[in-house]
1. Can you give me the angle between helix 169-183 and the longest principal axis of the chain, using Cα atoms only, in degrees from 0 to 90, rounded to the nearest 10?
2. Considering the zone a paramagnetic label at ASP202 would reach in this model (a point 7 Å from Cα along the Cα-to-Cβ line), which residues of the range 74-90 have amide N under 18 Å from it?
3. Hey, rough spin-label estimate for PHE136 and ARG38, points 7 angstrom out along Cα→Cβ, what's it come to in nanometres?
4. Can you work out ³J(HN,Hα) from phi for every residue in the range 200-216, in order, using Karplus 6.51 cos²θ - 1.76 cosθ + 1.60 and θ = phi - 60°, giving whole Hz and x for Gly and Pro?
5. Under the 0.36 nm per residue contour assumption, what length would be gained going from the current alpha-carbon distance of THR230 and LYS81 to full extension?
6. With angles folded into 0 to 90 degrees, how steeply does helix 83-100 sit against the dominant principal axis of the chain? Use alpha carbons for both and round to 10.
7. Loop-only check: which chymotrypsin sites (Phe, Trp or Tyr not before Pro) in the range 108-190 are DSSP coil with at most 15 other Cβ within 10 angstrom?
8. As a check on your grasp of the helix formula, calculate [θ] at 222 nm for the chain: sum -39500 (n - 2.57) over DSSP H runs of n ≥ 4, divide by the residue count, round to the nearest 500.
Amino acid sequence: MPHIHKKRNHTRLEIIRQGARLFIEEGYSATSMKKLSRLLDLSPGNITFYFPTKDHLLAELVDELFDFQKLLMEQAAEEGKTSLLAYCLELTAIAAICEESEVARDFYSSAYSSAYTLARIRKNDTQKTKAVFGEFCPDFTEQEWQATENLVSGMEYAAIMTRESEIPLPIQIERTLDAIMTVYQVPQALRKQKIDKVLGMDYRAMGRRILKEFRDYIEIVNEEKLKSATKKGDTP
C-alpha cells in the first residue's frame with residue numbers, strides 16, 4: 001500500500017507539471033484531457049482519477065499563481081514600493097499582458113469564468129485586499145470584505161477582457177484602478193498619485209516580464225516538487 005500511495009503521488013505531480021505547461025504555453029481552452037493523457041501516456045480515466053475535471057487541474061495552477069503573486073508583493077516591499085502601489089502594478093501588468101497574449105488572456109479568463117477557481121480567487125484575494133486596504137477600511141466586517149471582493153473580482157475580469165480596440169488600455173487601467181480604490185475608500189489624492197505612477201511606467205514591458213517569470217516559476221516549482229517526491233522514495 002505505501003508503494004501504491006507513493007506512485008499515485010508521483011503521477012499526480014507529473015499531471016500537474018505537464019498540465020501547467022500546456023495551459024501556459026498553448027492555452028487552457030486548447031488543452032484537452034485527452035491531449036494531456038496522450039502526452040503522459042496515461043488513459044483519460046487515469047487522469048480523471050486525480051482530477052475529475054479540467055477545472056480541478058486549473059485550480060492547481062491558480063494556487064501556484066497565488067504563491068507567485070505573494071513573492072511579487074514581497075519583492076515590491078523590498079524595493080520600497082507600498083503594498084497599494086504593488087497591488088496597482090500587479091493588476092495593470094495582468095491587463096497589459098492579456099491585451100498582448102491570447103494564451104494569457106485565455107488562462108485568466110478561464111480562471112475567472114470557472115465557479116470552482118473563481119471561489120479560490122475570491123478567497124485568496126480577500127486576504128490580500130485586507131492587507132492592502134485594511135488601513136482605509138478599519139470598520140469592515142468579514143462579510144463586507146467578502147462582498148466587496150465579489151464586486152472587485154468582476155472589475156478585474158472586465159479589465160482583463162476589454163480589448164484595446166474597444167477602450168484604450170491606459171483609460172481602462174485608470175478607470176479600473178480608480179473604481180477599485182474608491183470601493184476600498186482610498187482618498188482621491190492618493191488614488192490619483194498611484195494611478196499616475198503606474199501609467200508613467202512601461203507597464204506593457206512589465207507585463208511581459210512578469211509572464212515570463214511566472215512561466216519560469218511554474219516550471220521550477222513543479223520540477224522541485226517531483227524531485228522532492230523522488231528523494232523521499234516516491235517512484236513513478
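FYI, it's all coordinate maths here, none of it is from the lab. Small disclaimer: the values here were computed from a predicted structure and weren't measured. Glycine gets a Cβ as well: all are built from the backbone with ideal geometry, and neighbour counts include every protein chain shown.
1. Helix 169-183 and the main axis of the chain meet at about 80 degrees.
2. From the range 74-90, the list is 89-90.
3. With each label point 7 Å from Cα toward Cβ, the separation is 4.9 nm.
4. These are the phi-based 3J(HN,Hα) values: x, 9, 7, 6, 5, 5, 4, x, 5, 5, 5, 4, 5, 5, 5, 4, 5 Hz.
5. Additional length available on full extension: 49.7 nm.
6. Its long axis makes an angle of about 70 degrees.
7. Details: sites: TYR108, TYR112, TYR116, PHE133, PHE136, PHE140, TRP145, TYR157, TYR184; in loops: PHE136, PHE140, TYR184.
For chymotrypsin sites (Phe, Trp or Tyr not before Pro) across the range 108-190 that sit outside H, G, I, E and B with at most 15 neighbouring Cβ atoms in 10 Å, the list reads PHE136.
8. Numbers: 11 runs with 189 residues, N = 236.
Value at 222 nm, helices only, nearest 500: -27000 deg cm²/dmol.
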